[in-house]
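Asks: Before I ask anything, here is the structure I am working with.
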Ligand code: NAD
C-alpha cells in the first residue's frame, strides 16, 4: 500500500520508503513538524523489519549488474540523476527549508548546485580510478578499485540533501548499491531524491530508502552482516553504537562526527575580516559541524575584536528561513532547543559572562539568540562539548604556544580557522590537530580535497580519491614478467 503524497507548500512529497524501485508504505508512521512554525508537515513511514530486509535484498540483487557496468557506463545514469535534481531544484529548496529550517537562499545558491555536483563530480572522478599499474622488475601489478557491495548511508538533519548526496555520489560511481536511512527530524528531501533516482532510470534496487528512527530501522540496518560499508555522519554518541554494531560483523565504517573547532585571532589579524567571519559561525543557527565555535583571541586585540564582532552580530537578520533576507533561522527541534538552553544555563551557573544573547529569540518558539559567552574555563563543559546551536565561547591568550595548546585542548578535531598575518597564521594552523583548517578564510571546499576529523570528530576521510578508498575494495592483481618457478625458498 502506498500513501498519498504530502503537500509541502505546493510540492508533493511521498511519505513512503523507496525499495526496489517502488514506493512502499508502512502501517507504522512518525510525525514530521516544521521547525519554523511547528506545523505538522505529515506522517512518514517508519521502517520495520520487513522493510529493512526488503531493502537489503533489493540492494544485494541489484549489485551484480550495477557493479559490472563499469564506471564509464554508470556515468550517464549519474549525470541524469544530477540533472533530475536540477529539474526539481525549487522543490528541494522549498521542502528542505520547511522541513529542516535551512535558509531558502542557501538552498538555492549553495546546497542544490552542490548536491548536483556531488553526483556528477564523483561520476567523472571514478573514470580515472579503475586501474593503476605498478611496474616492477618482477611483475605487472594492476591495482583495481572494485565495487564493495551494499552500502548503508546514514545522515543527520542539519544538511540532509547535501550530506546524503555527498555519500551517494561516490558510493554509486564506485559501483555499489545503496540503502539510505534519512534523518527522522528532516526526512523529506531524501524522499524527493528517490523521485530523481526513478526518473533518471537507475535500475530497481540500486538506491533504496528506508525512512524511520535511529533506534528502529537505523539500528536494525547497521547490524546487518550483509552490508559491505556503513557511511555515517552524525553525533559521537550514535557513532559509538554504529561502530559497535559494525564491529560485530567487521563491516568497515566511515564516521563524520561533531566538532568544537577553534577560531583563532592572532594579534596581527585583520580584525574587521576576522570579526565578520566569526559572525558567520551563527549560520544555520549554529547547527554546523565545521563551525569554529571557540573564539580564541589575543588579549591585546580582544576588546576591539569583540566590539567589531558585536557590530556584525547586531545586524544579523533572524527570521523565517523562507524569506530571502533572513540570515539565521530556527533550531531544528524542541529537544535541540532544550539542549542549547541547558548548555547556556549551566555555563551561566558556572560563572560565565553572557556577552550577548543567552536566551530564546522572540521571533518564534524554536529560535535562539546568537550568543557569546566569556569567562569560561578551558576544562568547562561549554568549552569542551559540542552545543550545535548559536552559542560561541570567547577566551583570551597571550602567546602562540598557549593558543596552540588551547586549540588542541578538547577531544574533538574536526576543523579550525586562523586569522593573522598569513605566514604567522599558517605556522599556527600547521600545529592545530584537526582534519582541516582555514587560514584567513572559512568554508572554502573542493570536492577533490579530503574532508573529515580526527580524535572524537571521526574516522576516515571523504572527498576525491578518499571517498573511493572507502567505498571500493582495493585489489592488487599481480602477473609475473618471467615464468614463475615454485620454490619453498622463494619470497
Ligand atoms: P544523530 O547521531 O543523533 O543522528 C544521525 C543519524 O543517525 C540520524 O539519521 C539518526 O536516525 C541515526 N541514528 C540514531 N541512532 C542510531 C542507531 N542506534 N543506529 C543507526 N542509526 C542511528 O545526529 P544528529 O543530531 O542528527 O546530527 C547532529 C550531529 O551530526 C552533530 O554532532 C554534528 O556535529 C554532526 N555532524 C557532523 C558532520 C561532519 O561532516 N562531521 C556534518 C553534519 C553534522
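Asks: For residue 11, are the conditions met, namely being touching a residue at least 24 places away in the same chain (Cβ under 8 Å), more than 30 Å from residue 147 (Cβ to Cβ) and in contact with a helix residue (DSSP H, G or I) (Cβ under 9 Å, 6 or more places away or on another chain)? Spell out how you get there, then give the answer.
Replies: Working: touching a residue at least 24 places away in the same chain (Cβ under 8 Å): yes; more than 30 Å from residue 147 (Cβ to Cβ): yes; in contact with a helix residue (DSSP H, G or I) (Cβ under 9 Å, 6 or more places away or on another chain): yes.
For residue 11, the condition - touching a residue at least 24 places away in the same chain (Cβ under 8 Å), more than 30 Å from residue 147 (Cβ to Cβ) and in contact with a helix residue (DSSP H, G or I) (Cβ under 9 Å, 6 or more places away or on another chain) - is met.
Asks: Quick one: how many residues across the stretch 98-115 are surrounded by 20 or more Cβ atoms within 10 Å (Cβ to Cβ) and either part of a helix (DSSP H, G or I) or at pLDDT below 95 (or both)? Don't jump to the end; show me each part of the working.
Replies: In the first step, residues of the stretch 98-115 are kept if they are surrounded by 20 or more Cβ atoms within 10 Å (Cβ to Cβ); the result is 98-104, 106-107, 111-112, 115.
Okay, now just the ones that are also either part of a helix (DSSP H, G or I) or at pLDDT below 95 (or both), so 98-100, 104, 106-107, 111-112, 115.
Summing the residues that are surrounded by 20 or more Cβ atoms within 10 Å (Cβ to Cβ) and either part of a helix (DSSP H, G or I) or at pLDDT below 95 (or both) in the stretch 98-115 gives 9.
Asks: If the Cβ limit is 9 Å and pairs must be 6+ apart or interchain, which residue in the stretch 442-462 that is without any contact (Cβ under 8 Å) to a residue 12 or more places away in the chain pairs with which residue that is within 10 Å of the ligand (Cβ to nearest atom)?
Replies: What qualifies is 445/451.
Asks: Please indicate, with yes or no, whether at least one residue in the stretch 386-398 is out of contact with any helix residue (DSSP H, G or I) (no Cβ under 8 Å at 6 or more places or on another chain) and surrounded by fewer than 15 Cβ atoms within 10 Å (Cβ to Cβ).
Replies: no
Asks: Let me ask something else about it. Go through the stretch 213-233 and give me each residue that's within 11 Å of the ligand (Cβ to nearest atom), closer than 16 Å to residue 59 by Cβ, buried (at least 20 other Cβ atoms within 10 Å of the Cβ) and more than 19 Å from the chain's Cα centre (by Cα).
Replies: Of everything in the stretch 213-233, those that are within 11 Å of the ligand (Cβ to nearest atom), closer than 16 Å to residue 59 by Cβ, buried (at least 20 other Cβ atoms within 10 Å of the Cβ) and more than 19 Å from the chain's Cα centre (by Cα) turn out to be 217, 220, 221.
Asks: Also, I was wondering about something else. Looking at the stretch 352-368, is at least one residue surrounded by fewer than 18 Cβ atoms within 10 Å (Cβ to Cβ) and touching a helix residue (DSSP H, G or I) at 6+ places or on another chain (Cβ under 6 Å)?
Replies: No.
Asks: Hey, another quick one. Which ones in the stretch 177-202 are farther than 26 Å from residue 40 by Cα and either within 14 Å of the ligand (Cβ to nearest atom) or in contact with a helix residue (DSSP H, G or I) (Cβ under 6 Å, 6 or more places away or on another chain) (or both)? Steps first, answer last, please.
Replies: As a first pass, look at the stretch 177-202 and keep what is farther than 26 Å from residue 40 by Cα: 177-179, 197-202.
Selection gives 177, 178, 179, 199, 200, 202.
Asks: Do we have any residue at all in the stretch 81-97 that's under 24 Å from residue 143 (Cα atoms) and surrounded by fewer than 16 Cβ atoms within 10 Å (Cβ to Cβ)?
Replies: Going residue by residue through the stretch 81-97, those that are under 24 Å from residue 143 (Cα atoms) are none.
No.
Quick grid of which residues meet (1) in contact (Cβ under 8 Å) with a residue 40 or more places away in the chain; (2) more than 7 Å from the ligand (Cβ to nearest atom); (3) under 28 Å from residue 359 (Cβ atoms):
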residue: 211; (1), (2), (3): yes, yes, no
residue: 235; (1), (2), (3): yes, no, yes
residue: 242; (1), (2), (3): yes, no, no
residue: 254; (1), (2), (3): yes, yes, no
residue: 275; (1), (2), (3): no, yes, yes
residue: 280; (1), (2), (3): yes, yes, yes
residue: 289; (1), (2), (3): yes, no, yes
residue: 295; (1), (2), (3): yes, yes, yes
residue: 302; (1), (2), (3): yes, yes, yes
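Asks: Among the residues of the stretch 142-161, is any assigned to a helix (DSSP H, G or I), within 14 Å of the ligand (Cβ to nearest atom) and over 15 Å from the mean Cα position of the chain (by Cα)?
Replies: Taking the stretch 142-161 and keeping what is assigned to a helix (DSSP H, G or I), we get 160-161.
After this cut, where a residue has to be within 14 Å of the ligand (Cβ to nearest atom) as well, the list is 160-161.
Restricting the remaining residues to those that are over 15 Å from the mean Cα position of the chain (by Cα) gives none.
For the stretch 142-161, residues assigned to a helix (DSSP H, G or I), within 14 Å of the ligand (Cβ to nearest atom) and over 15 Å from the mean Cα position of the chain (by Cα): absent.
Asks: Please list, ordered by residue number, the strands (runs of 3 or more DSSP E) wholly in the stretch 3-76 having 3 or more residues that are in contact with a strand residue (DSSP E or B) (Cβ under 7 Å, 6 or more places away or on another chain) and over 18 Å from residue 181 (Cβ atoms). Please lay out each step first, then the result.
Replies: On the way: elements: 6-8, 11-13, 17-19, 22-24, 29-33, 40-45.
Because the criterion is at least 3 residues that are in contact with a strand residue (DSSP E or B) (Cβ under 7 Å, 6 or more places away or on another chain) and over 18 Å from residue 181 (Cβ atoms), the strands (runs of 3 or more DSSP E) in the stretch 3-76 that meet it are 40-45.
Asks: Then there's this: For residue 128, state whether it is touching a helix residue (DSSP H, G or I) at 6+ places or on another chain (Cβ under 7 Å) and part of a helix (DSSP H, G or I).
Replies: It is false that residue 128 is touching a helix residue (DSSP H, G or I) at 6+ places or on another chain (Cβ under 7 Å) and part of a helix (DSSP H, G or I).
Asks: If you check 305, 263, 312, which single one turns out to be touching a strand residue (DSSP E or B) at 6+ places or on another chain (Cβ under 6 Å) and part of a helix (DSSP H, G or I)? Even if it seems obvious, please write down each step before you answer.
Replies: Values: 263 fails: part of a helix (DSSP H, G or I); 312 fails: touching a strand residue (DSSP E or B) at 6+ places or on another chain (Cβ under 6 Å).
Just a single option satisfies the conditions, and that option is 305.
Asks: Does the stretch 469-481 contain at least one residue that is in contact (Cβ under 8 Å) with a residue 60 or more places away in the chain, part of a loop (DSSP other than H, G, I, E, B) and within 13 Å of the ligand (Cβ to nearest atom)?
Replies: No: zero hits.
Asks: Oh, and also: Can we say residue 248 is surrounded by fewer than 17 Cβ atoms within 10 Å (Cβ to Cβ), out of contact with any helix residue (DSSP H, G or I) (no Cβ under 6 Å at 6 or more places or on another chain) and under 16 Å from residue 412 (Cα atoms)?
Replies: On the way: surrounded by fewer than 17 Cβ atoms within 10 Å (Cβ to Cβ): yes; out of contact with any helix residue (DSSP H, G or I) (no Cβ under 6 Å at 6 or more places or on another chain): yes; under 16 Å from residue 412 (Cα atoms): no.
Answer is no for this residue.
Asks: Now for a separate question. Take the conditions in contact with a strand residue (DSSP E or B) (Cβ under 8 Å, 6 or more places away or on another chain), touching a residue at least 12 places away in the same chain (Cβ under 8 Å) and farther than 15 Å from residue 149 by Cα and apply them to residue 170. Does it pass? I'd like the intermediate steps shown before the answer.
Replies: Details: in contact with a strand residue (DSSP E or B) (Cβ under 8 Å, 6 or more places away or on another chain): yes; touching a residue at least 12 places away in the same chain (Cβ under 8 Å): yes; farther than 15 Å from residue 149 by Cα: no.
In short, no.
The values are calculated or read from the model by the stated rules, or taken from the named source; none is laboratory data. Just so it is clear, the structure is predicted and the values come from calculations on it, not from any experiment. Heads up, the Cβs are rebuilt from the backbone with ideal geometry, glycines too, and the neighbour counts pull from every protein chain shown.
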